[in-house]
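**Q** What follows is a structure written as structure tokens; I'll ask about it next.
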Amino acid sequence: MLEARDVGRAMERLRGDRTQRSVAGRAGINRSSWSSYEAGRRMPTPETWSRIVAGLETTMEQFDRAVQRAWAERNAEPEGAPAPGPEAAAPPADEHLQISAEETLELVACSGRLQDLGKRLLDRLGPRPPLRL
């Protein structure tokens with residue numbers, strides 16, 4: 001599952017030696033929010049992704065590849081192992097599992113809507129006794 005830290009790692013790599021302040025300013029995002037995204041503390045909304053791409057002066061496809069690479073590297077790491085450096089190559093991806101940047105944004109938006117629907121359903125059902133097995 002895609003996590004905020006995957007997006008953050010991709011943002012940091014694509015930013016290179018530019019400052020957070022400069023790319024955040026170009027994206028129209030305050031530096032504090034940019035820092036939270038890059039550190040993996042917050043997941044940008046689908047609407048914010050295009051602003052991040054503009055701030056990094058890259059394409060959505062390049063950003064999507066960087067996020068997928070970060071995800072693949074994280075999932076290839078044993079628990080507790082140090083993160084690989086930027087020179088580490090991502091493992092080959094299964095071509096059937098790759099999705100476009102637009103599909104990623106759509107999935108993130110759908111996930112949020114499903115969580116909201118689940119919460120509303122639980123609120124309507126009210127408290128329930130625990131299941132006994």
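Any read-out appearing in this document is the output of simple, stated calculations on the displayed coordinates, not a laboratory observation. All values reported here derive from a predicted model rather than from experimental measurement. Every residue, glycine as well, gets a Cβ built from its backbone with ideal geometry; the counts of neighbours run over all protein chains shown.
**Q** Using packing as a proxy for protection, rank 25-32, 10-17, 119-126 so that the peptide with the highest average count of other Cβ atoms within 10 Å comes first.
**A** Result, highest mean Cβ count within 10 Å first: 10-17, 25-32, 119-126.
**Q** How would the stretch 10-59 be classified by its alpha-carbon gyration tensor: rounded, prolate or oblate, with rounded meaning a/c under 1.5 and the a/b versus b/c comparison settling the rest?
**A** rounded
**Q** Suppose each label sits 7 Å from its Cα in the direction of the beta carbon; what would the THR59-SER32 distance come out to in nanometres?
**A** Those two pseudo-labels are separated by 3.6 nm.
**Q** In whole Hz and in residue order, list the ³J(HN,Hα) couplings for the stretch 16-27 that follow from phi through the Karplus curve 6.51 cos²θ - 1.76 cosθ + 1.60, θ = phi - 60°; x for Gly and Pro.
**A** Once θ is set to phi - 60°, the couplings for the stretch 16-27 become x, 8, 6, 7, 4, 4, 5, 6, 5, x, 5, 7 Hz.
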